[in-house]
1. Does any residue of segment 284-300 turn out to be closer than 25 Å to ASN28 by Cβ and touching a Leu at 6+ places or on another chain (Cβ under 7 Å)?
2. Suppose we filter segment 246-293 for residues that are buried (at least 19 other Cβ atoms within 10 Å of the Cβ) and assigned to a helix (DSSP H, G or I); how many remain?
3. So, of the residues in segment 292-312 that are under 26 Å from the mean Cα position of the chain (by Cα) and among the polar types (S, T, N, Q), which turns out to be farthest from SER243 (Cα to Cα)?
4. So how many residues does segment 91-129 have that are among the β-branched types (Val, Ile, Thr) and free of Cβ contacts under 8 Å to residues at least 40 places away in the same chain?
5. What number of residues within segment 68-100 are surrounded by 14 or more Cβ atoms within 10 Å (Cβ to Cβ) and within 22 Å of the chain's Cα centre (by Cα)?
6. Of all residues in segment 95-139 being of a type in the set (A, V, I, L, M) and part of a loop (DSSP other than H, G, I, E, B), which is farthest from MET227 (Cα to Cα)?
7. So how many residues does segment 219-245 have that are in a helix (DSSP H, G or I) and of a type in the set (Phe, Trp, Tyr)?
8. Could you tell me whether SER224 is surrounded by 14 or more Cβ atoms within 10 Å (Cβ to Cβ), touching a residue at least 12 places away in the same chain (Cβ under 8 Å), under 30 Å from LEU314 (Cα atoms) and among the polar types (S, T, N, Q)?
Amino acid sequence: MYRCITLLDSEGQEEIGSPQLPDFIAANKDLLACDLVLSADGGQWDEKDPALVLGTRGLAAVFIEVQGPDHDVHSGTYGGTIANPIHALVQILESMHDQEGRVAVEGFYDDVRSLTDEECRQMVRVPFHKTEYLAKLGATSLFGEPGFSTYARAWARPTLEVNGIYGGFQGVGLKTVLPSRAHAKISCRLVADQNPSKIAQLIQAHVKKVSPSEVKVAVTKSESEAMPYLVPAVHRGMQIAGSVLCDLYGKEPYQVRMGGTIPVNALFLQLLQAYTVVFAFGLQDERQHSPNEFFRLSSYERGQKAYGILLNRLGEQL
């Protein structure tokens with residue numbers, strides 16, 4: 001008998017890296033044993049075009065603290081005589097990318113799985129409209145690692161982003177201090193075969209290498225991390241799910257990936273040796289994680305029908 005787990009959504013700690021979930025799954029392997037996981041945490045390309053989600057990116061994060069003097073000092077009295085930790089932090093952060101946007105941390109790309117010709121061909125199938133993409137974001141131009149399309153950058157290439165930087169006086173007006181400390185928060189989205197702990201260690205080594213000697217620098221690894229996830233397009237469960245979408249929409253689904261992270265997918269693969277098939281019907285304009293988030297009634301009705309067909313087809317063909 002073919003066994004599957006069906007998830008209506010990811011468990012409630014997804015946004016903080018699911019810290020208790022690995023131990024829970026490991027302790028309940030017999031209870032959770034299955035051949036396939038079905039997850040409703042995802043969506044379709046749009047109302048008329050179906051999509052199968054093949055992968056999600058992983059996550060690694062670090063916090064950087066740079067210290068100069070042991071307290072804020074007067075910039076007129078001491079400026080130019082000791083190092084400013086904000087200046088030092090900017091220098092460290094600047095060293096992490098080259099001018100074209102490629103991550104400059106040594107070893108960062110070593111384990112990245114290259115895209116196959118078929119994967120590239122499938123990405124080209126997915127519609128991309130540069131003007132609409134930029135207008136939606138209010139951005140003026142595209143930017144990123146050379147040699148890759150926008151979808152490849154967002155779905156299948158790793159990133160290192162500065163999520164926040166702070167230090168010194170941040171109130172209204174001017175306060176002429178040379179600050180004691182400066183901080184940065186960094187997260188990396190990872191792709192197939194990269195390991196979050198290894199990436200954090202590479203960043204720590206890079207910061208140690210480039211840090212000015214005139215300041216003290218500490219790099220702390222975040223407890224929130226997640227492995228990247230990628231299911232083969234030829235996996236039997238994916239093929240059956242694709243056949244259901246093809247019947248419902250009257251066309252072959254796009255093969256896409258998500259730039260974000262769903263930690264539970266990789267956990268099921270790692271601990272249960274079971275791939276997750278994301279089979280969901282949310283749409284991109286439904287304000288996920290925002291006020292007034294919504295879900296279309298038409299998608300709800302389609303999802304009910306689709307899951308009925310899928311479960312029946314799985315029972316017949318597996």
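1. No: segment 284-300 contains no residue that is closer than 25 Å to ASN28 by Cβ and touching a Leu at 6+ places or on another chain (Cβ under 7 Å).
2. Going through segment 246-293 one residue at a time, the tally reaches 7.
3. Here the residue is ASN292.
4. Count: 2.
5. 3
6. The residue in question is ALA139.
7. Summing the residues that are in a helix (DSSP H, G or I) and of a type in the set (Phe, Trp, Tyr) in segment 219-245 gives 0.
8. Answer is no for this residue.
The values are calculated or read from the model by the stated rules, or taken from the named source; none is laboratory data. This one's a predicted model, so the numbers in the text were calculated from it and none came from an experiment. Cβ: placed from backbone, ideal geometry, glycine included. Neighbour counts: every protein chain shown.
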